[in-house]
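As C-alpha cells, the structure follows; a few thoughts come after it.
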Amino acid sequence: MLARDRLPQERAVHHGSVWPSQSARVEPKCSTCIDELNGKHLSIDTDSILHAEDSNEAIEVDGSLVSTEAPHHEEKETFASFGVHADIVSSLHEAGITHPFPIQAMTLPIALAGHDIIGQAKTGTGKTLGFGVPALQRVVGPKDEGYEKLAVPGAPQAMVIVPTRELAVQVASDLTVASKHRGVRIATIYGGRAYEPQVEALQKGVELIVGTPGRLIDLYKQKHLNLKNVRIVILDEADEMLDLGFLPDVETLIAGTPAVRQTLLFSATMPGPVVAMARRYMTQPTHIRAADPEDEGLTKRDIRQLIYRAHNLDKIEVLARILQAKGRGRSIIFTKTKRTAAKVAEELVDRGFAAAAIHGDLGQGAREQALRAFRNNKVDVLVATDVAARGIDVDDVTHVVNYQCVEDEKIYLHRVGRTGRAGNKGTAVTFVDWDDMPRWALINKALGLSVPEPIETYSSSPHLYTDLDIPEGTKGRLPRNMRTHAGIDAEVMEDLGETGKRNSPKSGGREGSRDGNRGTTRGGNTSGARRGEKRREDSGSGSTSTSSSAGEKRDGGRSRRRPSSASVPFTPADGSAQGESSAPSASTGEASPRQRSRSRTRRRNGEVVGNQETAAGE
C-alpha cells in the first residue's frame with residue numbers, strides 16, 4: 001500500500017473555503033480567494049494530471065497554479081500577511097527581505113496548510129525561502145510551547161535533501177538567516193568533513209537538517225540519524241539528484257520517515273523518474289509553476305546569451321579579454337574536467353586576474369575557501385566544474401562563461417542560471433569547438449536559441465569587443481593598476497577535520513594512513529606528488545638510496561618497508577670502516593651474502609641473455 005493511500009483525507013480551511021481534497025481540483029470556493037488570485041496574477045490549470053517531460057510517467061495532482069508575473073516581481077503583501085511566524089518575519093526583515101517573490105507567494109499558503117507541493121521554476125527564482133519558511137514554521141523549537149511533549153525532543157523534525165555540498169551550505173545559510181530569532185537549531189550534514197562534529201550536533205539535538213544523500217545515508221545506517229520524527233521532507237533540485245544517481249538513496253531516506261508527513265519537491269525540470277518518485281511518496285500534491293509571460297524561453301530573459309565558435313588554443317586569450325569588459329563583476333568559468341579547471345585558473349592568475357578553482361579533486365576545505373573568497377570579493381573569477389553549478393547563489397554574478405561546449409541543454413540551463421539572479425541582468429558566453437558543432441545543434445534546437453551556427457571568433461575579432469563592450473586595445477593580461485583584489489591566499493582555509501586529508505595532525509594511526517592515501521587524489525596537495533617522485537627516484541637509484549629511504553616514516557608514522565640488516569651501515573669498535581672490507585666484494589660484482597640480489601631476465605632476438613653478457617655489451 002502506498003503512503004498516499006494510508007494518509008487521512010484531510011482538508012485545510014482557507015478563508016472559509018475548502019482547499020482541494022483527493023477528488024477536488026484547484027477551484028477556490030469563495031470570492032476572497034478569487035480576488036486574491038486575480039490580484040496576484042495567478043492562473044489555474046484544472047488538468048489534474050502532471051506529465052513528465054521525457055516519458056509517459058504521470059502523477060495525479062490537485063491542479064496547477066501558474067504565476068503570470070515576472071519571476072522577481074515583489075508582491076505587495078509581506079511575509080506577515082501569509083501568516084508566517086513573527087520571529088521569521090523579523091529575521092527576514094533584518095536581512096532586507098520583506099516582500100516574497102511569486103514562487104514564494106504561491107507556495108506559502110499551500111505549504112503552511114500542510115499540503116504536498118511539486119514546485120517547478122527556473123533556477124534563481126527564490127525557491128529556497130518558498131520551502132524554507134514553511135519548514136521553519138512547522139517545527140517545534142526548544143523555546144516553543146509543547147517542545148517537552150514531543151516523542152523525542154531534539155530529534156530532527158524537518159529534512160532538506162540537496163544534491164551537492166555547496167548547495168547544502170548555501171541552503172543552510174539562508175535558513176539560518178531566516179531563523180535568527182526563531183530559535184530553531186539547524187545542522188548541515190555533508191561529506192568531506194569529519195563525522196564527529198556532525199554526530200555531536202545530532203546528539204545535542206537539532207530541529208532541521210540540510211544534507212546530501214551520501215552522508216545522510218551513512219549516519220542513518222549508523223543509527224546516529226533518527227528520522228522517525230520527521231514531519232516535513234523537502235527535495236531540492238530533484239532532477240540534479242537524478243542525474244547524479246542519488247534517487248535510490250533519497251528513496252531510502254524517505255522510507256525511513258513516518259508515513260504521515262508533508263513532502264515538498266522542487267525541480268527545474270520534471271523528468272520521468274522524478275515524477276514516478278513523486279507518485280510513490282506524495283499525496284495528491286499541488287503543482288506550482290512560476291512562469292513569466294514575457295519570458296517564454298527555457299532560460300531567463302534577464303540573461304544575454306552569446307555563443308562563439310572558438311579555437312582551443314585561442315580560448316584563454318578570448319577569455320582574458322572578456323574578463324576585462326566594462327561593468328564586469330564577479331564571474332564564473334565552467335569547464336568539463338577538473339584538469340581544465342585547474343589549468344585555466346592557474347593561467348588566469350598568471351595573467352593578473354584574482355581567480356580560484358573549485359573542482360572534485362580539491363579537499364572540502366579548499367572548496368569552501370574558494371567559495372568564501374568569491375563571496376567575500378577577494379577573488380572575482382571562479383573556475384569551476386559542474387560541482388558548483390547549483391551551489392553558488394551570489395546575486396551579483398555578471399558573467400558566466402562555458403569554456404567548453406556543455407553536454408546537454410539541462411547542464412546549460414543550470415550553468416547559465418548562475419547569473420541574472422534576483423532580478424539582475426547577466427551575460428552568458430559559450431565557447432563551441434569545431435568538433436562540438438553537432439552537439440550544439442541539438443542543444444540549440446532544444447532550447448530554441450536560434451543560433452545553429454555560432455560565429456567564428458578569435459581574440460582579435462572586432463565583434464568580440466563590440467558584443468561585450470571591451471575597451472579597444474585590451475590585451476590578454478590585466479594591467480597592474482586594475483589588480484585590486486586580494487586573491488585566494490587572503491582567505492583563511494578552515495580546518496574541517498576532513499575525511500581524506502593527508503596532512504592531518506592526528507594521522508598517527510591506521511585511520512591517518514588510510515586518509516592520507518586518499519588525500520593525495522582529492523586534497524589537491526602537491527606533497528603527495530613529490531613523495532611519489534621521491535619513491536620513483538629511490539627505486540631507480542640502486543640499493544644505497546633504497547636503504548637510505550627505507551627507514552623513513554610515511555603516512556601517519558608507519559614504515560612501509562622494514563630495513564634490511566645489510567642496508568644498515570655498521571662501524572666496528574676499533575673504528576675501521578666497513579666500506580673498506582666490502583670494497584673487494586663490490587669490485588668483483590659479488591653481492592653481500594645478507595643482501596637480497598635482484599636479477600632481471602633479458603632477452604635479445606628471443607634468446608635469454610645473461611647478466612654478465614648484458615653488462616659487457618653495455
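The values are calculated or read from the model by the stated rules, or taken from the named source; none is laboratory data. Predicted, not measured: the structure shown is a model, and the values here were computed from it. So basically every Cβ, Gly included, is an ideal-geometry build from the backbone, and we count neighbours across all protein chains shown. Heads up: the accessible areas ignore ligands, DNA and RNA and are worked out on the full protein's heavy atoms, side chains in. Shrake-Rupley method; radii C 1.70, N 1.55, O 1.52, S 1.80 Å.
Assess whether THR269 counts as being at pLDDT below 90, part of a loop (DSSP other than H, G, I, E, B) and over 30 Å from ILE217 (Cα atoms). The answer is no for THR269.
Applying the criterion of being open to solvent by 10 Å² or more (accessible area, probe 1.4 Å) and among the β-branched types (Val, Ile, Thr) to the residues of the stretch 213-252, the residue that is nearest to PRO153 (Cα to Cα) is ILE217. In the stretch 300-318, the residue that is nearest to ASN424 (Cα to Cα) out of those that are out of contact with any strand residue (DSSP E or B) (no Cβ under 6 Å at 6 or more places or on another chain) and not charged (D, E, K, R) is ILE316.
Quick one: would you say PRO271 is crowded, with 18+ Cβ neighbours inside 10 Å and either charged (D, E, K, R) or out of contact with any Cys (no Cβ under 8 Å at 6 or more places or on another chain) (or both)? Yes: the conditions hold for PRO271.
Looking only at the stretch 348-361, how many residues end up being within 22 Å of VAL171 (Cα to Cα), surrounded by fewer than 24 Cβ atoms within 10 Å (Cβ to Cβ) and modelled with pLDDT of 85 or more?
Number satisfying all stated conditions: 1.
Residue-level analysis places ASP314 among those that are surrounded by fewer than 17 Cβ atoms within 10 Å (Cβ to Cβ) and modelled with pLDDT of 90 or more.
Between ASP433, ASP396, the distinction of being open to solvent by less than 40 Å² (accessible area, probe 1.4 Å) and in contact (Cβ under 8 Å) with a residue 60 or more places away in the chain belongs to ASP433 only.
Could you please find all residues in the stretch 257-267 being over 16 Å from ALA168 (Cβ atoms) and crowded, with 17+ Cβ neighbours inside 10 Å?
THR257, ARG261, GLN262, THR263, LEU264, LEU265, SER267
Keeping to the stretch 133-153, report how many residues are free of Cβ contacts under 8 Å to residues at least 60 places away in the same chain and open to solvent by less than 10 Å² (accessible area, probe 1.4 Å). Total meeting the criteria: 1. Only a single item in (1) open to solvent by less than 10 Å² (accessible area, probe 1.4 Å); (2) touching a strand residue (DSSP E or B) at 6+ places or on another chain (Cβ under 6 Å) is not met by ARG182, and it is number (2).
In this structure, is ALA345 touching a Leu at 6+ places or on another chain (Cβ under 9 Å), hydrophobic (A, V, I, L, M, F, W, C), closer than 21 Å to THR398 by Cα and surrounded by 23 or more Cβ atoms within 10 Å (Cβ to Cβ)? Considered against the rule, which asks whether it is touching a Leu at 6+ places or on another chain (Cβ under 9 Å), hydrophobic (A, V, I, L, M, F, W, C), closer than 21 Å to THR398 by Cα and surrounded by 23 or more Cβ atoms within 10 Å (Cβ to Cβ), ALA345 comes out as yes. Listed here are the helices (runs of 4 or more DSSP H) enclosed by the stretch 151-254 that have at least 2 residues being of a type in the set (D, E, K, R) and more than 17 Å from the chain's Cα centre (by Cα): 195-204, 213-221.
Those helices (runs of 4 or more DSSP H) of the stretch 311-411 in which 2 or more residues are acidic (Asp, Glu) occupy 338-350.
Applying a threshold of 6 Å to beta carbon distances and a minimum spacing of six or more residues, or different chains, the list of pairs starting in the stretch 164-184 at a residue that is under 16 Å from ASP236 (Cβ atoms) and modelled with pLDDT under 90 and ending at one that is in a helix (DSSP H, G or I) and open to solvent by less than 10 Å² (accessible area, probe 1.4 Å) reads GLU166/ALA388.
Name the single residue that is farthest from ALA325 (Cα to Cα) among those in the stretch 436-475 being polar (S, T, N, Q) and touching a Lys or Arg at 6+ places or on another chain (Cβ under 9 Å). Per the criteria, the residue is THR457.
If only residues of the stretch 131-145 that are not in a helix (DSSP H, G or I) and not hydrophobic (A, V, I, L, M, F, W, C) are counted, the one that is farthest from the chain's Cα centre (by Cα) is GLU145. Filtered by the rule that a residue be open to solvent by 20 Å² or more (accessible area, probe 1.4 Å) and touching a Cys at 6+ places or on another chain (Cβ under 9 Å), the stretch 437-479 gives MET437, ARG439. Scanning the stretch 112-130 for residues that are within 20 Å of the chain's Cα centre (by Cα), assigned to a loop (DSSP other than H, G, I, E, B) and of a type in the set (A, V, I, L, M) yields one hit, ALA121.
Looking only at the stretch 24-45, decide whether some residue is closer than 21 Å to HIS287 by Cβ, assigned to a strand (DSSP E or B), at pLDDT 75 or above and out of contact with any Lys or Arg (no Cβ under 6 Å at 6 or more places or on another chain). Checked against the condition, which is being closer than 21 Å to HIS287 by Cβ, assigned to a strand (DSSP E or B), at pLDDT 75 or above and out of contact with any Lys or Arg (no Cβ under 6 Å at 6 or more places or on another chain), the stretch 24-45 yields no hits at all.
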